[in-house]
Every structure is written in structure tokens, then in C-alpha cells.
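Asker: Input: one structure, supplied below.
FYI, it's all coordinate maths here, none of it is from the lab. This structure is a prediction, so every number in the text was calculated from the model and none was measured. Glycine gets a Cβ as well: all are built from the backbone with ideal geometry, and neighbour counts include every protein chain shown.
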């Protein structure tokens, strides 16, 4: 896992407001933007170019919004190609309803891949370290990389001017709107703009795995008669389908549960490490009379709209963008975050 330092936002942080105001008004204290250079335009104007940014310790490469690290997407693609090829070489030839089988496998695979690569390659809701100067909610990759915090001065500026609806990630060098966690499988943050696709990646992934498993079992008797090599290979593929299908199912329902109780994984992790009781995790607030009420638990459907958008249920299950460039944030819609922490 990447080393990452995340400043959680809170309305209770004891930040000297006068010092913060002076810091804002003194233009000399605003850190200079990060310098970057284009190192490759492999795809012309069709896609974002590859960008090189030099830091004190290393050199970082970006592809548009995201830091370029293709190892995990390549591994996932190879795994899917292997499972897919093994299925069509062996069990598929013994299945009678070939057209139905081909269509279902192809459709579910396409939905899974689209969700995966969208979650991995899209902007999760990044905001530059100097967001307070512009207060927009959508930035071009050029604006984001110019606003990438790579030195202590920029990081400190971000810490002093963090919006209450986002977290600051030192590894990403930017704020993340409604940051949930860093997912190693997609090598990206899961935030407000790509949380829907993270959910769909797990949803369509487990449907794809168990659909493939079902069709494989239909032709299992004929496979066993083809010899030990075919049987061994197919059992290995079945094992992968079951393991990944079960894992994706667990992650999907665990993520849905987090949405229902309106909590992020960062907050869950912090509460567990600080041995906080369940009341804080459930956002139970105590009033003047000592009675507790759920201030921030907004209900399942409203919570789903927080990450899936205001569209219909059909839009929710399709891997299309949940929010456009006109996304606006109401700070009152977000629960009070945990106090500042380092991850």
C-alpha cells in the first residue's frame, strides 16, 4: 500500500482564524504553483499527455489527473483474459445455448471492465491544494497538476485552508471530495466522483464471476472426460471465479452498508484505532437534555444519491458519470469529520 498522509477535516479543529485570515490576505505567503512538463503525447489530442513533475526526492509521472502506475490494471486485465480464454476454449464448446452464454458473459464483462477502468483512470474528486483561491469543484488536469502539493510549504497551506467536505492526501498532493479510501486494485482514491464506479466494479464483477461459474458448471461433465490437463485447468479457473466473486460480493455489500450508515472507511478506520464507541460511528449526537439523535444519518436512498447522483435507479447501475462539471457542494450535507490524523 502506498504511504499516504491524510488530514481529516473537522469543524472542531482549533485553527487560529485570525492567522488563517492573515495568511490568505498576504499574497506573498501563497506558495507558488507546481511546475510540470509534457514528456509524451502518445495519443495526440485524443487523450491527456504524459506529464513529468520533479520533486526533491524523485520524479513523478502523471497521465492527466492520475499518477501513472499501470501495474495493477495490467495484472487485472491479464487475469480476466486468462479466465475468459480458458472458458471459451473448454466449457463453452459443450454448452448448448451458446448465443445466450456468449451475450451474458460479454455484457457482464464489458460492464465490469468499464466500471473498473473508469474508477481507476478518472478524477475521484480532486481539488488543488490552493482550492480556497478559486473554490471551483471541477478543474482541468493542467489546473490540478499546477495545484499539486509536493513540498512542505504547499502542504501546510493546504492544511490551513482545507474545505470541510474533503480530505487532504499527501500522496495525491490534493484534496479529495468525500474521500473514502485508497483502493490498491484501482491504484486511485475512491471519492465522490468515482465512488459509484467503485461500487459498480464490485457489483458487475461478482455477477460476471458467478455467471461464468454457472456456465462452467453446465459443461463440467464433458470437461472431466477431456483428460486430466483440461480438468486441472478448469478447476483452477473455477477457483479463481469463486474466490474473486466472493471477495467482490463482500466488498460490495460492505460498501453499501457504509453508505446506509453514512460513514466513510477513513472514519471507520480512525474510530477503530482510537477505540471509539459505536455511537460516534453512527453519528449519534447528544442534545442539551442528554438525549441522543441521529444528526447525520440521512437514509439509504439519500446516501446513495451522495455518490450515485440524482438520476434514476437505471442510471445508478450503468457505468456512466454520476456528476457533471456543475457539481456543487453543500457543507451541511456532510457529517462532521474526525479530527486531523495521519494515515
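Asker: Which of 100, 251 comes first, and how do the rest follow, when ranked by fewest Cβ neighbours within 10 Å?
Answerer: Values: 100 11, 251 19.
Fewest-to-most Cβ neighbours within 10 Å comes out as 100, 251.
Asker: Mind sorting 41, 60 by how few other Cβ atoms lie within 10 Å of their own Cβ, fewest first?
Answerer: Exposure proxy ranking, most exposed first: 41, 60.
Asker: Cα gyration tensor of segment 104-157, axes a ≥ b ≥ c as square roots of the eigenvalues: rounded (a/c below 1.5), prolate (a/b > b/c) or oblate?
Answerer: prolate
Asker: Between residue 81 and residue 321, 0.36 nm times their residue separation minus their Cα-Cα distance comes to what? Don't skip to the answer; put the middle values down first.
Answerer: On the way: separation 240, 0.36 × 240 = 86.40 nm, distance 2.61 nm.
Working it through step by step, the gained length comes to 83.8 nm.
Asker: Another question, then. Tell me whether segment 25-151 comes out rounded, prolate or oblate; compute the Cα gyration tensor, take square roots of the eigenvalues as a ≥ b ≥ c, and use a/c under 1.5 as the rounded threshold.
Answerer: Prolate.
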